[in-house]
Amino acid sequence: MSRRKYRYSDYNKSAPYEDATRIFIVYEGKSKEPNYFEAFNEKFIDRKKAFVCHILEEDTGVIGNTPLKIKERVQYFIENPPKNINITPANDDKFRFVFDVDKHPQSHIEELIRFSKTLNDSKIFISNYCFEVWLWSHLHELSAIKSASSRELKTELGEIQNLNYPHDFIKIELISKAIKRCSESDTNPANIIPDIKNSKVYLLMQELLEHSFVNITITS
């Protein structure tokens, strides 16, 4: 597998097949999340089944990683499709939001949830404390996390692994374990906001695997 670093020019550069399901993903993070999903996209997604488009800060000029900035970014993207992307968002496209609980005010998260419900096909996938919870689940049980904050968890994860990111995480055996661990730790699957030391990203991964060219489907 390629170990190269991803650049902005790697994202959103191809046009989707006419019948492919178009999935637009917007992230709180600027590099870790899009790098993970782009690596997954390259290895597993059948481009004839689905086209994953990353909505990045550079696509819109809307800079910031808060829930309200994510909302603003998607609004701008829909109203002003970037000229460097050979697609125009349509009503039946899927929008997927990936972000962290972090220290965001609850009211801001709720506003983004309300906005998401105004879109035709939109879902939110939150990690608590941060995206590193999802990465941790590839390697260990979530109950083993000792950290009490996002900053602590990033340090703790760095201390227990030396994998090449993101490529070494994009293995179906690890992804399968991560989905299982997060699912089993999810005490309230219907709740958008996850329990502490858990991540709802497992639900997004289950959905994306439905579009895999190797026809992999993982159920929790």
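Couple of notes before you dig in:
- Residues of segment 13-142: accessible area per residue with a 1.4 Å probe, Å²: 44 Å²
- Cut-off 19 Å, label 7 Å out along Cα→Cβ of ARG114, residues of segment 58-82 by amide N: 66-76
- Relative contact order for segment 104-216, counting Cα pairs under 8 Å that sit 6 or more residues apart, in percent: 35 percent
- The computed Cα extents along the principal axes in Å for the structure shown corresponds, within (i) 45, 41, 30; (ii) 54, 51, 34; (iii) 63, 37, 26, to (i).
- Which listed pairs, of LYS71/LYS197; LYS48/LYS197; LYS103/LYS177; LYS83/LYS197; LYS43/LYS71, have C-alpha distances above 32 Å, in listed order: LYS48/LYS197; LYS83/LYS197
- Gained length - GLN206 relative to LYS180, 0.36 nm times residue gap less alpha-carbon distance: 8.3 nm
- Given 14 as the ceiling on other Cβ atoms within 10 Å, longest exposed-site-free region of the chain for chymotrypsin sites (Phe, Trp or Tyr not before Pro) in DSSP loops: 18-212
- Mean shadow area of segment 11-86 over all directions, Cα convex hull, nm²: 4.8 nm²
- Calculated mean residue ellipticity at 222 nm for the chain: -11000 deg cm²/dmol, from DSSP H runs with n ≥ 4 weighted as -39500 (n - 2.57), summed, divided by the residue count and rounded to 500.
- Fraction of accessible area attributable to carbon and sulfur, the chain (%, probe 1.4 Å): 47 percent
- Computed from the C-beta positions of GLN161 and ALA190 and an R0 of 30 Å, the FRET efficiency is 0.40 to the nearest 0.05.
- Taking trypsin sites (Lys or Arg not before Pro) in DSSP loop conformation with at most 11 other Cβ atoms inside 10 Å as exposed sites, the chain has its longest uninterrupted site-free stretch at 147-220.
The values are calculated or read from the model by the stated rules, or taken from the named source; none is laboratory data. The model shown is predicted, which means the values in this text are computed figures rather than measured ones. FYI the Cβ positions are ideal-geometry reconstructions off the backbone, even for glycines, and counts take in every protein chain you see. The area values use the complete protein model at the heavy-atom level, side chains included, leaving out ligands, DNA and RNA. Shrake-Rupley method; radii C 1.70, N 1.55, O 1.52, S 1.80 Å.
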